[in-house]
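Peer 1: Okay, here's the structure, questions in a sec.
All of the numbers you see were taken from the coordinates with simple rules; none came from a lab. Because the structure is a prediction, the values reported are computed rather than measured. Here the Cβ is made from the backbone with ideal geometry for all residues, glycine too, and neighbour counts use every protein chain on show.
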Amino acid sequence: MNIWLVHHDRALRMALRRLIAAPLTTLLSLLAIGVALALPAGGQMLLSNVQRLMGSTSATPQISVFMAADAGRGAATELGARLKKHPAVKQQRFLPREDTLQRMKANAGLREVIDVLPDNPFPDAFIVTAIDDQPATLDLLVEEFRQWPKVAHVQLDSAWARRLEALLRLGRNAVILLGGLLATGLIAITFNIIRMQVLTHRAEIEVSQLLGATNGFIRRPFLYFGALLGFAGGATAWLLIAAAAWWLRTPLDDLLHLYEFTFSLQSLGLADSAVLLGIATGLGWLGALLSLGQHLRHS
């Protein structure tokens, strides 16, 4: 076990020395890998922020439950208690018909029309927010509420919810597609870098083979080199995304403030950052493995 640790420690130190030995080449490689990874990771960051923005605004899909015109306040109280106890309802807000009438009268274009009416034409209503805002769940709730007594009409902004879900699904698929394409490019970058390392250290590899070194012993420093290169490239991508988020945060805040939204653009979260670094390290290791495998098969 100690020998195994010594071998891996030696291979890791050798990989670090090789990275440091060519600082310009390493820097350019890290920039190439960082930019390639920053594109899909930045897309994921934007999707996460859009989901946070939608969750923090009043644009969350809501169900409007309108009571019958002949329903009394007692029926409204009973309906409100039923909504409050419903397991799928997150919150409900009661809109008395008197308040609706006053709001409509505040509109100069409607005041004269409403004043000539003998009675208040507006019903009592409830604005309901569901726990699960998936369109299918909201449709089921609408059908259920329509069957309740003293309910005249139920309205749902389901089209908005479906559009938002479709846009987010399209965005996620686009990020996955872009990530797959750029991951292939990252493997190719690492493959070529390791290939150049192998050519540079060809004499060292040949001497090791003559001395009886196994393929695993020869491969180990290069695998660490690829993994370290991928990890450093992932860290570079994280820094690029964080810098972009910081640069855009103030103008985006100013824009959203004009629409009365309070929101602050956030960079990648802890989980997304760990995934980014893990994928980058794995892709770097895979590129090195493929490059070494090709060389050792032909040597």
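Peer 1: At 0.36 nm per residue, minus the direct Cα-Cα distance, what do Asp99 and Asp254 gain on full extension? Give it in nm, one decimal, please.
Peer 2: Contour length minus the Cα-Cα distance gives 52.4 nm.
Peer 1: By average Cβ neighbour count within 10 Å, what is the ranking of 230-242, 272-284, 171-183 from highest down?
Peer 2: Ranking the peptides 230-242, 272-284, 171-183 by packing returns 230-242, 272-284, 171-183.
Peer 1: Whose amide H sits under 5 Å from the amide H of His153, counting only residues 5 or more places off or on another chain, with H placed in the peptide plane?
Peer 2: For His153, the qualifying residues are Phe66.
Peer 1: Right, next: In whole Hz, what ³J(HN,Hα) sequence does region 129-137 give by Karplus (6.51, -1.76, 1.60; θ = phi - 60°), x for Gly and Pro?
Peer 2: Karplus values, whole Hz, x for Gly and Pro: 10, 8, 5, 9, 9, 5, x, 5, 5.
Peer 1: Can you tell me how much longer the chain between Leu12 and Ala81 gets when fully stretched, taken as 0.36 nm per residue apart minus their C-alpha distance, in nm with one decimal?
Peer 2: Here the answer is 18.2 nm.
Peer 1: Once phi is turned into ³J(HN,Hα) by the Karplus curve 6.51 cos²θ - 1.76 cosθ + 1.60 with θ = phi - 60°, what whole-Hz value does each residue of region 144-154 show in order, with x for glycine and proline?
Peer 2: 5, 5, 5, 7, 6, x, 6, 9, 8, 7, 10
Peer 1: Once amide H atoms are placed 1.01 Å from N in the peptide plane, what residues at a sequence separation of 5 or more from Asp124, or on another chain, have their amide H within under 5 Å of its amide H?
Peer 2: Residues meeting the amide H criterion: Met67, Arg97.
Peer 1: Give me the number: length gained by fully extending Gln51 to Arg169, i.e. 0.36 nm times residue separation minus the C-alpha to C-alpha distance, one decimal in nm.
Peer 2: Result: 41.3 nm gained on full extension.
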